[in-house]
Amino acid sequence: MTDVTSVLVLAENRWLAPLQAIIREHLDDDPSHDFSHFCRVWNNAKLIAGSEAKPVDGDILICAVWLHDIVNLPKDHPEVHLASRYSGEKAVQLLAPLAFPPEKFEALKHAIAAHSYSAKITPQSYEAKIVQDADRLESVGAIAIARTFASCGTLRRALVDVADPLAEQRAPNNALYGVDLFLTRMPIVAAGMQTLTGQRVAAERFEFNRQFCAQIAKEVRGLTL
Ligand SMILES: [Fe+2]
């Protein structure tokens, strides 16, 4: 076993069961942040940490991943840009009784707060970079398509602008159309990955989304001929 692999195994042995119990207790009915979201982000984090093979703090990484969305505000909530900071504070409250090392609380809060796109916090630590990339990989690829349109349903937004599906004659607006999210945020997310592994995986997934957008435009235009 490599050093990083054993760090991750130790972290899972220590923290996975209590973290999963916390998540199950706090889940709401948001399909984009169901239990599987946390499982996927943890898998992404393990993939990144394992591939990069740099020293990593397992306590901070696993707890930040599983608690990064513990405060989950709707995308149209006025305080959505503060949700990740609130998640960091809540994580400390939840982990203090579980004997999480108190000297790591600040680093944990940073790793959680910096994951959010809307918080606009630059990740400073290696763990924060992994958490941000691991979560942002949910914003590209097949899972991003599923999550985007699940959010459209929750927020009662249109899937696509039938008159201009790829926003060629207007400014893209993801508050109005699901597909517009692929035109606005996704290229920024794909280009802003912090780790080499995150960049490699995001590029592959982004290509899939490019093909999806081309196909949806083709189908929409066919229907409007
Ligand atoms: Fe997340």
* To do: Within the range 186-196, identify whether any single residue is farther than 16 Å from ARG210 by Cβ, more than 17 Å from the chain's Cα centre (by Cα) and surrounded by 19 or more Cβ atoms within 10 Å (Cβ to Cβ), and answer yes or no.
  => no
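Please specify each residue of the range 193-204 satisfying the condition of being of a type outside the set (Asp, Glu) and more than 16 Å from ALA45 (Cα to Cα).
Keep residues of the range 193-204 that are of a type outside the set (Asp, Glu), which gives 193-203.
Residue satisfying the conditions is ALA203 alone.
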* Structure fact -> Checked pairs for the range 135-153, first among the small types (Gly, Ala, Ser), second at pLDDT below 95 and within 11 Å of the ligand (Cβ to nearest atom), C-beta under 6 Å and 6 or more apart or across chains, list as ALA150/SER32; SER151/SER32
* Structure fact -> ALA167 passes all but one of the listed conditions (1) away from the ligand (no atom under 14 Å from the Cβ); (2) assigned to a helix (DSSP H, G or I); the exception is number (2)
* Look at ALA113 and say whether it is within 22 Å of ASP34 (Cβ to Cβ) and of a type outside the set (Lys, Arg). => no
* Hey, among the residues in the range 121-143 that are polar (S, T, N, Q) and farther than 21 Å from LEU183 by Cα, which one's surrounded by the fewest Cβ atoms within 10 Å (Cβ to Cβ)? -> THR122
* Scan of the range 59-87 for residues that are under 12 Å from VAL131 (Cα atoms) and over 16 Å from the mean Cα position of the chain (by Cα), ordered by number -> ILE60
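When you check ALA45 against the structure, is it within 15 Å of the ligand (Cβ to nearest atom) and hydrophobic (A, V, I, L, M, F, W, C), yes or no?
Working: within 15 Å of the ligand (Cβ to nearest atom): yes; hydrophobic (A, V, I, L, M, F, W, C): yes.
So ALA45 passes the test.
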* Asked: Quick one: PRO187 ticks every box in (1) without any contact (Cβ under 8 Å) to a residue 60 or more places away in the chain; (2) in contact with a Pro (Cβ under 7 Å, 6 or more places away or on another chain) bar one, so which box is it?
  -> (2)
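Looking only at residues in the range 11-28 that are among the acidic types (Asp, Glu) and away from the ligand (no atom under 16 Å from the Cβ), which one is surrounded by the most Cβ atoms within 10 Å (Cβ to Cβ)? Steps first, answer last, please.
Within the range 11-28, the subset among the acidic types (Asp, Glu) is 12, 25, 28.
Next, from what is left, pick out any that are away from the ligand (no atom under 16 Å from the Cβ): 12, 25.
On the way: GLU12: 15, GLU25: 8.
Looking at residues that are among the acidic types (Asp, Glu) and away from the ligand (no atom under 16 Å from the Cβ), I get GLU12.
Among what's in the range 84-120 and is of a type in the set (A, V, I, L, M) and surrounded by fewer than 21 Cβ atoms within 10 Å (Cβ to Cβ), pick the residue that is farthest from ALA11 (Cα to Cα). Even if it seems obvious, please write down each step before you answer.
First pass over the range 84-120, keeping only residues of a type in the set (A, V, I, L, M): 91-92, 94-96, 98-99, 107-108, 111-114, 119.
Adding the requirement that they be surrounded by fewer than 21 Cβ atoms within 10 Å (Cβ to Cβ) leaves 92, 94, 96, 98-99, 107, 119.
Details: VAL92: 17, LEU94: 17, ALA96: 17, LEU98: 14, ALA99: 14, ALA107: 16, ALA119: 27 Å.
Step by step, filter the range 84-120, then rank; the result is ALA119.
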* Close pairs from the range 32-48: first without any contact (Cβ under 8 Å) to a residue 40 or more places away in the chain, partner assigned to a helix (DSSP H, G or I), Cβ under 6 Å, at least 6 apart -> PHE38/ILE23; PHE38/TRP66; LYS46/LEU8
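The values are calculated or read from the model by the stated rules, or taken from the named source; none is laboratory data. Model, not experiment: these values are computed from the prediction. Cβ coordinates were reconstructed from backbone atoms using ideal geometry, including for glycine residues, and neighbour counts include every protein chain displayed.
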